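The values are calculated or read from the model by the stated rules, or taken from the named source; none is laboratory data. No experiment lies behind these values; they were computed from the predicted model shown. All Cβ positions, glycine included, derive from the backbone under ideal geometry; neighbour counts span all protein chains shown. Protein only, heavy atoms only, side chains kept; ligands, DNA and RNA dropped before computing areas. Shrake-Rupley method; radii C 1.70, N 1.55, O 1.52, S 1.80 Å.
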Amino acid sequence: MRRATGDGGVIAVVGASGAVGRATVRHLGASGGALRLGARRPIEKQTSTTVTRVDVEDPAALHDFCSGAAVVANCAGPSGVVGDRVARVALAVGAHYVDPAGDDRLAALVAPLTAGSDRCAVLSAGMMPGLSGVLPRYLIGTLPTPARWLTGHVGGRDHFSPAGAADYLRADEFGTVHAVWHAGHLVPSAPTGRAASVPFFPEPVLSTPFLSTEAVRIAAATGLTEVRWHSVYADGHLAALLRGAASPDQPTSEALRRAARLDLFGRSPYQVIVVEAGGDDGSARAVALWGRGASELTGAMVAHCASRLRDEGGPPGTHHAADLLDPVATVTAMRHAEAVTRIVEVDSTGGLRVREGTL
């Protein structure tokens, strides 16, 4: 395991002026330690730390910015555009690397960069993927018998940043829409097209089956027979757009952002992650986490991963955050994170009930 030396070293944040970058910087500031901030368009007086102008398309500027850092956290996006540009430079100068992006394509690009070295790259270190994988592993660890099934709901009412909207339109690279995991295989699952009252969500929501690659990895690693995962959207303009009520074609990035803004008018953004798991003996438990938004929760996870790598180092190689992080330690950290408003755990032997209505 590679460890930082001296005072633990500097965490360099690329994309520090974006939504995820700003949240990451706030959470890192709360944990203490030296920071180095870089952004393509620095925002004046964002923090007490100077923000350096650096573009991910400029390898020389990236090299200068990352050199000497113990950890580089990449918060620039969209991930489909940035790819492994920051990772290549960060790992080349000897830093550990953290990225909230988590598609298998990125992992395939980064893995050769850490092969044979003592550097650690942690991918999928956001809200989803990331926290959405840590919570199931945490929950499975609380069951008295091996878990056999898992159900998850993730979403809420939130902003869509330009990068977030662009990444959403690449959802087929992160999982399979309208599918569930059953007995080792992906099985089609048709959407209901109806609003539902999902436990722990504060309002009716549209719940769409979406089996992420992260959920499939968890199923394979823990022996789960069935996994049902859902993306959740508050009943409103965005839900209507995604159902095709507003347009027969795939929505554009700007259409997604506009619908999200309309849904947020006069309201506060929120995200909820609800996970339920059970065993063959009928035992079942659920955990629910409420957060201030996807960017905030992603920033909290990036900061947690970067701080752990700075303070403790990490195993050489390329890892997905949910496969690497200690679930108990991570949930404990999230309980104290500014982005998280509440976490509850309940026995759910009778099963959490989803009540459907109409959109």
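Of the chymotrypsin sites (Phe, Trp or Tyr not before Pro) found in the range 235-300, those that fall in a DSSP loop while having at most 10 other beta-carbon atoms within 10 Å are Phe265. A cut-off of 5 Å between modelled amide H atoms, ignoring neighbours fewer than 5 places along the same chain, links Ser212 with Thr176.
Between Ala34 and Ile11, the built amide H atoms are under 5 Å apart, and every one of these is 5 or more places off in sequence or on another chain. Shape summary: the chain maps onto an equivalent ellipsoid whose semi-axes, from the alpha-carbon gyration tensor, are 33, 24, 18 Å in decreasing order.
Shape of the range 90-180 from its Cα gyration tensor (a ≥ b ≥ c, root eigenvalues): rounded if a/c is under 1.5, otherwise prolate when a/b > b/c, or oblate? Oblate is the answer for the range 90-180, as a/c is 1.5 or above yet b/c matches or exceeds a/b.
Using the alpha-carbon positions of the range 274-334, Rg (one decimal) and Dmax (whole number) come out as 14.4, 42 Å. Across Gly313, Gly291, Gly29, mean-square fluctuation computed from a Gaussian network of the chain (C-alpha pairs under 10 Å connected) peaks at Gly29.
Database remark: amide H of Gly126 closer than 5 angstrom to the amide H of Leu131 (H placed geometrically; neighbours at sequence offset of 5 or more, or on other chains; Pro and chain starts carry no H). Remark: the chain carries 43 Å² of accessible area per residue (probe radius 1.4 Å; ligands, DNA and RNA excluded). 3J(HN,Hα) along the range 208-218: 10, x, 8, 8, 6, 5, 4, 5, 5, 4, 5 Hz, from the Karplus curve 6.51 cos²θ - 1.76 cosθ + 1.60 with θ = phi - 60°, whole Hz, x for Gly and Pro. In this label model, His178 and Asp326 are separated by 4.4 nm, measuring between points 7 Å along each Cα→Cβ vector. Here the Gaussian network model covers the chain, with springs between Cα atoms less than 10 Å apart; of His63, His230, His320, His63 fluctuates the most. Shape class for the range 2-150: prolate, because the ratio a/c of the largest to smallest gyration tensor axis (alpha-carbon atoms, square roots of eigenvalues) is 1.5 or more and a/b beats b/c. When both bridge partners sit in the chain, DSSP labels roughly 60% of those beta bridges antiparallel. Relative to the Cα centre, the charge distribution of the chain, modelled as +1 at Lys and Arg Cβ and -1 at Asp and Glu Cβ, gives a dipole magnitude of about 600 debye.
Summing charges over all other residues whose Cβ lies under 12 Å from the Cβ of Leu264, with Lys and Arg as +1 and Asp and Glu as -1, gives +3. Between rounded, prolate and oblate, where does the range 125-224 land on the alpha carbon gyration tensor, with a ≥ b ≥ c its root eigenvalues, rounded for a/c under 1.5, else prolate if a/b exceeds b/c? Taking the square roots of the gyration eigenvalues as a ≥ b ≥ c, the range 125-224 is rounded. From its DSSP helices (H runs of at least four residues, each -39,500 (n - 2.57)), the chain gives a residue-normalised ellipticity at 222 nm of -9500 deg cm²/dmol.
Axis angle, to the nearest 10 degrees, between helix 104-114 and the longest C-alpha principal axis of the chain: 30 degrees.
The share of accessible area on the range 301-343 that comes from carbon and sulfur is 50 percent, using a 1.4 angstrom probe.
Extension gain, Thr145 to Leu262, is 37.6 nm, computed as 0.36 nm per intervening residue step minus the present C-alpha separation. Once the Cα atoms are used to define both axes, helix 253-264 deviates from the longest principal axis of the chain by about 70 degrees. Can you give the longest stretch of the chain with no exposed loop site, where a site means GluC sites (Glu not before Pro) in a DSSP loop (not H, G, I, E or B) with at most 16 other C-beta atoms within 10 Å? With a cap of 16 other Cβ atoms within 10 Å, the longest stretch comes to 58-337.
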